[in-house]
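The block underneath contains the structure these notes are about, expressed in structure tokens.
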Amino acid sequence: MASASTTAGSNATLRILIFYAAAIALGVLNGFYGTDLTIRAGDFLSSVFIRLFKFISIPIIAVSLISTLAQLGESRESGQIFRRTIFYTLFTTIIAATVAAALFLLYAPANVSLPAAAGEVPKVVEHSYFEYVQSVIPDNFLSPFLSANVISVLLVASAVGLALSQLEKDSRPKEVLTAFFAGAQQILFILVSWLIKILPLGIFGFVTVLCRDLQAGVSLGGLGTYFAAIITANLLQIFVILPAILLVKGISPVKTFRAMLPALTVAFFSKSSAGTLPVTMRCAEENLRVRKSVSGFVLPICTTINMNACAAFILITCVYLMQNAGAEITIGTLASWILIATVAAVGNAGVPMGCFFLAASLLASMNVPILLMGVILPFYAVLDMLETAENVWSDSCVAKMVDKDLYGEPGEP
């Protein structure tokens, strides 16, 4: 019986991979060789799926946190989940920032002479980092949901969930509200299952847009070593550091990666870890066998605070622009930026280009010229894809490790 179940699961995975591969191949053909009509169709599908992911992800973040935190006072495990999540999040993010600092020293990217007509940076970077943090504090209950501000939603949901946990145990209000949020969560998961079934259409659209953007083509010039440092930092975290941590915990990185492949694919092409959250949670629970009590708390939290790739990007980018502005980069400078990048990454939103705007905001608040960010911008769309996949991969690893610490192995994914 177990063998039949395993075979069925393998066949289902193979079908999914075939559909994804076909969608990617068709997207590449359409992006490079399609007509204006088919390219616009791909762009339309990309926009529709991104909107659908945002539509589902914000409510899932809210109801998942509320449902989990509502039970915080009812079991010792809830407190352990929280402590272990914070520990693994900070641990992996600090490692990512430290590796990025070492790679900056190793690659030693040369300064760039910019023409006067270098690319412009969106005006959002004119705000200081403190203004950025202030903007996530909601001034009314509905604004975080209407503006899709992930961190604000996280704050509201955490407050409501903790307040709900303080209600008298087994009281009628607590039972009704807890059942309401649990029911809302199940409805959202059903919507996610429908979305996953038509996901190849979205992947086709994402790949079409990517290939169309790549056709624009911009010369790397002296930025080559800068981009090489960032890409190497991402690849090391994805394929070496996180798998090594899983192995130390007695978890198979290959089986974990395979179980989370649908979520990683969506993350790569959508460039939004928050938007990918519904798929991430479904894969973690159904494929990776992470308990719902763990995934419902760990993954929404990690979507906002577990930004390994963002820490690496912020450190290398900010230090590089400081160097271009004439600042002397010492070991002490890099050490301080490991801390700054870690803290900044924790406060970053899991949305497309979140790291880019946050890095530019940090630089602007320190009066560092950010003209070079306009040159980086055309390439960041590709970097953002890799970084988002890394962040979701790290979230998945944290969820699996927390589940293993508390409950042991519930079964191979």
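For the stretch 278-289, just list the computed ³J(HN,Hα) in residue order, Karplus coefficients 6.51, -1.76 and 1.60, θ = phi - 60°, integers in Hz, with x standing in for Gly and Pro.
x, 5, 4, 5, 5, 5, 4, 7, 8, 9, 8, 6
Please work out whether the stretch 174-322 counts as rounded, prolate or oblate from its C-alpha gyration tensor, where a ≥ b ≥ c are the square roots of the eigenvalues and a/c under 1.5 means rounded, while otherwise a/b larger than b/c means prolate and anything else oblate? Working shown, then result.
Values: a/c = 2.03, a/b = 1.56, b/c = 1.31.
Judged from the Cα gyration tensor, the stretch 174-322 comes out prolate (a/c at least 1.5, a/b above b/c).
Once the convex hull of the alpha carbons of the stretch 156-195 is built, what does its volume come to per residue, in cubic angstrom?
Taking the convex hull of the Cα positions in the stretch 156-195, it is 63 Å³ per residue.
With a 10 Å radius around each residue's Cβ, average the other Cβ atoms per peptide and rank 37-46, 384-393, highest first.
The peptides rank, most packed first, as 384-393, 37-46.
Sorted by packing (mean other beta-carbon atoms within 10 Å per residue), highest first, where do 156-163, 88-95 land?
Details: 156-163: 18.5, 88-95: 20.6.
Result, highest mean first: 88-95, 156-163.
At a Förster radius of 25 Å, what calculated FRET efficiency corresponds to the Cβ-Cβ distance of Ala335 and Gln134, to the nearest 0.05?
Calculated transfer efficiency: 0.35.
Of Lys271/Lys400; Lys249/Lys400; Lys292/Lys404; Lys292/Lys400; Lys169/Lys292; Lys249/Lys404, which pairs sit farther than 19 Å apart, going by alpha carbon to alpha carbon? Mind dumping the intermediate values first?
Details: Lys271/Lys400 22 Å; Lys249/Lys400 10 Å; Lys292/Lys404 13 Å; Lys292/Lys400 11 Å; Lys169/Lys292 21 Å; Lys249/Lys404 8 Å.
Table pairs above 19 Å Cα-Cα are Lys271/Lys400; Lys169/Lys292.
Once you place label points 7 Å from the Cα toward the Cβ at Arg172 and Ala244, how far apart are they in nm?
5.9
Along Cα→Cβ, 7 Å out, is where each label goes; now give me the distance between the ones at Arg289 and Ala102 in nm to one decimal.
Computed distance between label sites Arg289 and Ala102 equals 3.3 nm.
Quick one: if you stick a label point 7 Å off each Cα along the C-beta vector at Leu14 and Ala182, how many nm between them?
Calculated label separation equals 4.0 nm.
With a 10 Å radius around each residue's Cβ, average the other Cβ atoms per peptide and rank 180-186, 251-257, 337-343, 14-20, highest first.
337-343, 251-257, 180-186, 14-20
Using a 1.4 Å probe on the protein heavy atoms, what percent of the accessible area of the stretch 148-279 belongs to carbon and sulfur?
71
Run the numbers for Val382 and Phe32: contour at 0.36 nm per residue of separation, minus the present Cα-Cα distance, in nm.
Contour length minus Cα-Cα distance gives 124.4 nm.
The values are calculated or read from the model by the stated rules, or taken from the named source; none is laboratory data. Quantities reported herein were computed from a predicted structural model and do not represent experimental measurements. Quick reminder, even Gly has a Cβ in these numbers, built from the backbone with ideal geometry, and neighbours come from all protein chains shown. Just so you know, the surface numbers come from the protein's heavy atoms only, side chains and all, with ligands and any DNA or RNA stripped out. Shrake-Rupley method; radii C 1.70, N 1.55, O 1.52, S 1.80 Å.
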